[in-house]
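The values are calculated or read from the model by the stated rules, or taken from the named source; none is laboratory data. Values in this document were obtained by computation on a predicted structure and should not be read as measured data. Heads up, the Cβs are rebuilt from the backbone with ideal geometry, glycines too, and the neighbour counts pull from every protein chain shown. Each accessible area value is taken on the protein alone, full model and side chains, heavy atoms only, with ligands, DNA and RNA left out. Shrake-Rupley method; radii C 1.70, N 1.55, O 1.52, S 1.80 Å.
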Amino acid sequence: MKSLFCMLSLFAGCSSSGTLEIDPTELDWGVVDFHNEDCMDCSCSNGCGVKEVFLTNTGEAPLSVWMPQGFDNAHLCIDGYSSQPQLSLGELQPDEFYLLRISVCGYE
């Protein structure tokens, strides 16, 4: 079992009048028992304990969204993405959002 917690300071946005809102701002998986989950050792395609995170452009201009450091893909899975430095998620228009499905996918 392992307690997992993630602060969502991984994301950045760049625009003169775009604003990135993240909801929720923290993910807390509590204790994950990797041997009693439906998916043993979180080896299924969507990992264990899927959490949904919304990234919304609440500003008035398009906003480029990226993860400057990528993410810890030894422990986290983000559906549809693999970690790499300067991972671009694309551009959000005003009032558009991304829905990211983040889960635990490994442990030491």
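Contact map, region 77-94: residues that are farther than 19 Å from E52 by Cα paired with residues that are open to solvent by 70 Å² or more (accessible area, probe 1.4 Å) and in a loop (DSSP other than H, G, I, E, B), Cβ distance under 6 Å, separation 6+ or inter-chain. Pairs shown: P94/E60. Mind checking which strands (runs of 3 or more DSSP E) fall wholly inside region 62-107 and carry at least 1 residues that are at pLDDT 90 or above and not charged (D, E, K, R)? Qualifying strands (runs of 3 or more DSSP E): 87-92, 97-104. Taking region 11-55 as the range and being at pLDDT below 65, open to solvent by less than 50 Å² (accessible area, probe 1.4 Å) and in a loop (DSSP other than H, G, I, E, B) as the test, the residues that pass are F11, S15.
T58 fulfils the conditions (1) under 26 Å from A74 (Cβ atoms); (2) modelled with pLDDT of 90 or more except for a single criterion, (1). The set of residues in region 90-108 being closer than 13 Å to G18 by Cβ and either in contact with a Cys (Cβ under 8 Å, 6 or more places away or on another chain) or of a type in the set (A, V, I, L, M) (or both) consists of L92 alone.
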